[in-house]
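Read through the structure below, which is laid out as structure tokens, and then see the notes.
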Amino acid sequence: MAVPYVLKVLIADDTDSDRLILESIVKREGHEVVCARDGLEAVELFKSTAPDIVLLDAMMPRLDGLGAAKQIKELAGDELVPIIFLTSLTDTESLVKCLEAGGDDFLSKPYNRFIIQAKIKAFKRMREMHVTLHRQRNEIALHNEHLLQEQTVAKQVFDNIAHSGCLDAANVKYLLSPLAVFNGDVLVAGIRPSGNMMVLLGDFTGHGLPAAIGAMPLATSFYGMVQKGFALVDVLREINQKLKSILPVGVFCCACIVDMDFVKRRIKVWNGGLPDCYLYRAKTGEVEPVRSTHLPLGVQGDKAFRDDCVYLEMDLGDRFFMWSDGIVESRNHEGGMYGEERLRRVFDSNDASGNLFDEIIADVHDYSGEGCRDDDLSLVELKMVEPHEVDASVDALSGHVSTGLMEWALDFEVKPSTFRLFDPLPLLLNILVEVPGLRRHSGSLYTILAELYSNALEHGVLGLKSEWKESPEGFSRYYTERTERLRVLIDGFVSFHLSHKTTADGGSLLIRVGDSGGGFSHVEKLNVGHKTEGYSGRGIPLIRTLCESLRYIDNGSQVEAVFSWSNDQ
Amino acid sequence: MTQAVDLEALAALKDIMEDEFTALVQTYLADTEARVALLHELLTQQDFDEIRKNAHSMKGSSSNLGASLLTDLCFQVEQQSKGNHLDGLDTLLSQIDEEFLLVKEALENC
């Protein structure tokens with residue numbers, strides 16, 4: 001709302017001649033005048049005409065200037081309506097009363113037109129500034145409300161994606177501010193079909209929405225791929241490439257990604273730009289740091305990107321710690337930084353039975369004092385446990401599926417150029433996990449498909465002899481031959497036939513894998529489950545335990561497995 | 001002799017009021033005449049508070065018309081009535097009667 005050049009001025013005075021004079025002076029300045037003869041009339045006129053400035057005689061019948069001023073100020077509310085008292089009062093006490101009633105200035109009799117002109121001009125400017133101020137204040141408030149609303153929605157969307165994982169698994173502890181995503185911190189964790197747990201802690205450059213925006217594709221890629229059985233390196237490359245292509249130069253993501261194998265009790269770590277992670281040995285209390293040896297995600301293109309990882313054996317109870325720089329960069333009141341040495345001391349002074357996770361947080365709080373905010377502190381602890389301790393929390397995730405693929409069949413054939421470059425298993429598993437009920441068996445399905453595929457490719461298409469693998473020299477020869485034969489391969493195929501049907505209490509999946517090879521001689525023995533001395537078992541005993549049935553067809557170049565599942569499992 | 005009405009102030013007022021100057025003078029004279037009569041009335045009722053208020057208003061309007069002496073007399077009435085002094089007020093009102101006649105004459109002839 002702009003203040004018009006012509007002001008509306010309310011004049012209230014019970015003395016007619018004084019009012020006439022003031023009216024003339026104000027009108028000569030080009031303003032519009034409305035007149036009242038007492039306080040009550042003034043308040044009524046204020047309501048009906050909404051004047052810009054009010055000139056009030058202090059002494060008036062019915063309602064005096066003081067009473068009128070109070071009511072007018074209240075009616076004006078947020079708006080600045082200057083009130084100038086018209087008075088020949090001279091004692092200080094009376095003047096103070098006028099100010100207390102809401103008066104902004106005085107005008108004494110006899111009137112001086114120049115003083116009146118000057119005052120009206122000054123208050124007009126003041127009113128203009130006030131209006132501008134209010135408009136801008138309202139705009140800012142609106143923008144802020146808007147921003148908070150956007151952040152809430154963005155956070156909801158992100159939480160829906162990020163929290164679909166297994167952060168609540170029994171072996172995971174983490175500290176993450178509810179608004180961490182706006183600090184650029186992101187933590188995702190998922191279970192691979194193999195039963196491995198994959199965890200990524202990331203720290204995007206910057207703050208606010210620009211820092212949060214990259215977390216979305218990161219989380220969707222992570223969960224999409226981990227669930228389908230992609231390996232750490234594949235997930236890493238995909239996220240790196242995606243971030244590289246969408247983020248502006250200068251925005252990237254420091255990250256550490258871990259793949260935990262609970263069966264083999266070892267982890268695979270890739271650290272790009274995060275502070276040293278610590279592997280804490282429960283037995284000895286020793287700490288092994290894992291340094292960042294890579295550039296952050298989103299910096300380099302796929303070709304230059306390096307994906308070599310560190311492998312670490314972990315005993316039961318050993319713990320792996322990751323953090324964003326919020327911990328080591330926590331400040332105290334003197335501006336000092338918490339630093340890595342202090343962090344290390346928490347580990348060194350730990351008595352091995354203590355709760356390291358809580359001790360770290362407590363120590364950081366002690367250091368930074370009362371004013372410490374957790375907004376920037378992100379900390380994760382991963383404990384090595386027995387596989388079954390992790391499984392429980394995973395099954396809960398797939399309990400709500402009810403619709404999806406029911407009865408279907410699929411034929412899929414892999415040709416030589418694909419063998420060399422592409423692992424078809426994630427693609428197939430991707431389809432299989434769309435079947436309600438099959439998702440939670442993705443681990444078994446992966447094992448079955450992987451064994452049958454590698455048998456078909458290596459023994460069938462490439463004609464490699466499994467018995468080579470029984471001696472160390474043969475083992476090495478086997479893999480040299482595998483690489484070489486793959487390279488020169490021109491003809492051949494591996495075919496998959498998958499068909500699924502539902503049963504009363506579950507479903508059954510038929511998997512038939514064929515290859516272009518010549519089969520093998522001990523088909524019958526394998527089919528009846530005889531020991532096959534001198535021949536490798538082709539991983540078949542393991543698969544047999546997972547499947548309802550398994551048999552080789554014809555000369556062994558086709559194998560058919562039936563996997564059954566029930567809702568009650 | 002002191003002028004009943006300050007001619008310089010009156011000239012400025014004429015400049016401001018233009019055509020309405022005569023109407024202003026008439027309004028002031030009628031208003032003041034009524035107030036003077038009211039003051040006498042209030043004095044017999046010994047309503048000092050009302051005397052003070054009316055004298056205050058009359059002081060303001062008289063100052064705007066440049067009637068300096070009358071303004072001054074009104075101021076004295078205002079002060080006296082605050083102390084509820086009956087004696088002085090009587091005398092002051094008589095002086096106001098006289099001064100008002102002079103102001104009226106001066107204004108009507110200007």
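Where in chain B are the DSSP H helices whose C-alpha atoms run 20 Å or more along the long axis and whose mean Kyte hydropathy is at least -1.0?
Working: long enough: B:21-45 (36 Å, 0.48); B:48-64 (24 Å, -1.30); B:68-82 (22 Å, -0.19); B:86-109 (35 Å, 0.11).
Qualifying helices, which must be both long enough and hydrophobic enough, are B:21-45, B:68-82, B:86-109.
Normalised by residue number, the volume inside the convex hull of the Cα atoms of chain A is 260 Å³ per residue. Per-residue shielding of A:11-18, expressed as the average number of other chain Cβ atoms within 10 Å of the residue Cβ, stands at 6. Divide the volume of the convex hull around the Cα atoms of segment A:400-566 by the residue count and you get 116 Å³ per residue. Averaging the sequence gap over all C-alpha pairs within less than 8 Å and six or more residues apart, then dividing by the number of residues, gives segment A:169-253 a relative contact order of 29 percent.
Rg over Rh for segment A:105-145 works out to 1.32, both radii taken from alpha-carbon positions and Rh defined as the Kirkwood radius.
I need the peptides A:250-257, B:96-103 ranked by packing, meaning the mean over residues of other C-beta atoms within 10 angstrom, with the highest value on top.
Working: A:250-257: 22.5, B:96-103: 18.1.
Descending mean neighbour count gives A:250-257, B:96-103.
Within 10 Å of the Cβ of each residue in B:53-63, the mean number of Cβ atoms contributed by other protein chains is 6.
What relative contact order, as a whole-number percentage, does chain A give when Cα pairs under 8 Å and 6 or more residues apart are counted? Each step should come with its number before you reach the end.
Working: 992 pairs, mean separation 52.1, N = 569.
The value is 9 percent.
The loop-placed trypsin sites (Lys or Arg not before Pro) in segment A:45-134, going by DSSP, that have at most 13 neighbouring Cβ atoms within 10 Å of their Cβ come out as A:R62.
Annotation: lysines with alpha-carbon distance below 18 angstrom to A:K465 (same-chain offsets under eight excluded): A:K525, A:K531.
Under the definition of Cα pairs under 8 Å and six or more residues apart, what whole-number percent is the relative contact order of segment B:7-108? Can you show the working numbers first?
Numbers: 79 pairs, mean separation 27.3, N = 102.
Relative contact order for segment B:7-108 comes out at 27 percent.
Over segment A:178-298, the alpha carbon radius of gyration divided by the compact-protein estimate 2.2 N^0.38 Å works out to 1.07. In the distance distribution for segment A:8-134, Cα-Cα pairs more than 23 Å apart total 22 percent. Residues whose amide H lies under 5 Å from that of A:M59, counting only those 5 or more places away or on a different chain, are A:G65; hydrogens are built 1.01 Å from N in the peptide plane.
Direction-averaged projected area, Cα convex hull, segment A:162-396: 12.3 nm², rounded to one decimal.
Taking segment A:162-396 as the region of interest, the number of lysine pairs whose Cα atoms are within less than 15 Å, with members eight or more places apart or on different chains, is 6. Beyond 19 Å in Cα-Cα separation lie the following of the pairs B:K59/B:K82; A:K124/B:K59; A:K47/A:K119; A:K47/A:K97; A:K8/A:K97: A:K124/B:K59; A:K47/A:K119; A:K47/A:K97; A:K8/A:K97. Annotation: amide H-H contacts under 5 Å for A:G539 (H modelled 1.01 Å from N, sequence separation of 5 or more, or interchain): none.
The calculated pair-distance distribution of segment B:8-72 uses every alpha carbon pair, bins of 5 angstrom beginning at 0, and gives 4, 17, 24, 22, 15, 9, 6, 3, 0 percent. Applying 1/(1 + (r/R0)^6) with r as the Cβ-Cβ distance of A:Q151 and A:D105 and R0 = 51 angstrom yields a FRET efficiency of 0.65. Peptide B:10-20 has a mean shielding of 3, counted as Cβ atoms of other protein chains within 10 Å of each residue's Cβ.
Starting from the alpha-carbon convex hull of chain B, give the projected area averaged over all orientations, in nm².
Details: hull surface 25.6 nm².
It is 6.4 nm².
Note on A:V562 and A:S549: the model spin-label points, each 7 Å out from Cα along the C-beta direction, lie 0.4 nm apart. Our coupling estimate for segment A:406-414, obtained by passing each phi through the Karplus curve with A = 6.51, B = -1.76, C = 1.60 and θ = phi - 60°, is 10, 10, 6, 9, 8, 10, 8, 10, 9 Hz, Gly and Pro reported as x.
Any read-out appearing in this document is the output of simple, stated calculations on the displayed coordinates, not a laboratory observation. Only a predicted model underlies this, so the values are computations on that prediction, with no experimental measurement involved. Note that each Cβ is placed from the backbone with ideal geometry, even for glycine, and that neighbours are counted across all protein chains shown.
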